[in-house]
Amino acid sequence: MPTQAAFTNPARSQQSVKRLEKLPAPAKLNLFLHVTGRRADGMHLLESLFILVDLADELTIERLEDDSIVRTGDVVGDVEKDLCVRAAKALREYAQINLGAAIDVKKKIPSGAGMGGGSSDCATTLLALNRLWELNLSKDELMQIASRLGADVPFFIFGQNAFASGIGEKLTPVAVPPSSWFVVMPAAPTSTAAVFCDEFLTRDTKSLKITLFSEQLLTCWPHLLGRNDLEAVARRINPDVDRALQHLSALGCEARMTGSGSAVFAHMPSFESAQAMLAKTPAGMTGYAVRTLSEHPLKDL
């Protein structure tokens, strides 16, 4: 399982770098997710605690001197809609350059899990191409580009565990205690669009005050604050989510869904206890033992 130590940053020098290998794109968990409203354009207003975990996809990216964008490795869906391809094109348009890239992705984060795999791949692509194309864009500039590609992408550029608000683009760093988690991914993903369009989705949860949030987090840790407002809808439209949550609860765990699902998770006293839980993964589902990261492995890229 990739961790922060799995990536060695190339020496920062004046020498050009043409290829970056085995770049990690870590997953995230939403320790809570509240829907606090809806904008006139239909976008939902959210508050959430995003944490980075050490389950990670792996990217190898090479600079090309022509304008081709080549995507290889594990691809989910239409390659032209792939977030890594879109990230490369958006960055190139922003910088007004005529370079290309070969992007290879090895997936370890399950698709449709609510763990941000595609968004994290997208962010790692932006960070790598900023280096390979020698653009020297600031983190703020990269986050502006990221916000147009997906609601979770700015978080992975931000690179720290964070309280998120707005549509996910307003981020405040939060210190989260070192922790381990048991994650269960059902066989069937859950449609994010179906969850957010559901007429029974709660959209009026009272907003938290960030000044009180950090104190509350530490006071109740390792119990989880709030709830996931998307969970009730996801449990109804995807019975496997409900089954996974019931399974973890029956084992005495405080279980919660991350994002819009389908993955669910529970805090574990240690990484060894998280690993021991793998033997108790429900039939037909996949289990993961993960640890919290304090920062993105590519923060200094």
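What list of ³J(HN,Hα) values in whole Hz, one per residue of the stretch 24-31 in order, does the Karplus curve 6.51 cos²θ - 1.76 cosθ + 1.60 (θ = phi - 60°) give from phi, with Gly and Pro shown as x?
With coefficients 6.51, -1.76 and 1.60, one gets x, 10, x, 7, 9, 10, 9, 6 Hz.
For the chain, what does the helix formula give at 222 nm: sum of -39500 (n - 2.57) over DSSP H segments with n ≥ 4, over the residue count, nearest 500 deg cm²/dmol?
-8500 deg cm²/dmol
Convex hull over the alpha-carbon atoms of the stretch 50-166: what's its volume per residue in Å³?
That works out to 100 Å³ per residue.
Amide H to amide H, which residues 5 or more places from LEU64 or on other chains are under 5 Å from it, using H placed in the peptide plane?
Sorted by chain and number, the residues that satisfy this are GLY100, ALA101, ALA102.
Provide the percentage of antiparallel DSSP beta bridges, counting only those with both residues in the stretch 55-107; round to the nearest 5.
60 percent
So what is the relative contact order of the stretch 180-293, in percent, for Cα pairs below 8 Å that sit 6 or more residues apart?
Over the stretch 180-293, the number comes to 46 percent.
Quick one: Cα centre-to-centre distance for the stretch 40-73 and the stretch 97-142, in angstrom?
5 Å
Tell me, what ³J(HN,Hα) does each residue in the stretch 231-236 have, in order and in whole Hz, if you take phi through Karplus 6.51 cos²θ - 1.76 cosθ + 1.60 with θ = phi - 60° and put x for Gly and Pro?
5, 4, 5, 4, 4, 6
Order of LYS280, LYS28 from fewest to most other C-beta atoms within 10 Å?
Lowest to highest Cβ neighbour count: LYS280, LYS28.
Dipole of the chain (Lys/Arg Cβ +1, Asp/Glu Cβ -1, origin at the Cα centre): which of LEU129, ALA90, PHE200 lies farthest to the positive side?
Among LEU129, ALA90, PHE200, the one farthest towards the positive end of the dipole of the chain is PHE200.
Give me the percent of DSSP beta bridges within the chain that run antiparallel, rounded to the nearest 5.
90 percent
When the convex hull of the Cα atoms of the stretch 159-301 is projected onto a plane and the area is averaged over all directions, what value comes out in nm²?
Spelled out: convex hull of the Cα atoms, projected over all directions, averaged, 9.8 nm².
Could you pull out every one of the lysines with an alpha carbon less than 30 Å from that of LYS107, ignoring same-chain neighbours closer than 8 positions?
LYS18, LYS22, LYS28, LYS81, LYS89, LYS139, LYS170, LYS280, LYS299
For the chain, calculate the relative contact order in percent as a whole number, restricting contacts to Cα pairs under 8 Å that are 6 or more residues apart.
Computed over the chain, the figure is 24 percent.
Output ³J(HN,Hα) for the stretch 256-272: one whole-Hz value per residue in order, computed from phi by the Karplus curve 6.51 cos²θ - 1.76 cosθ + 1.60 with θ = phi - 60°, and x for Gly and Pro.
8, 8, 9, x, 9, x, 9, 5, 10, 8, 8, 5, 10, x, 7, 5, 5
Throughout, read-outs are computed from the coordinates displayed, never taken from laboratory work. Remember, predicted model here, so these are calculated numbers, not experimental data. Note: ideal-geometry Cβ built from the backbone for every residue, glycine included; neighbour counts use all protein chains shown.
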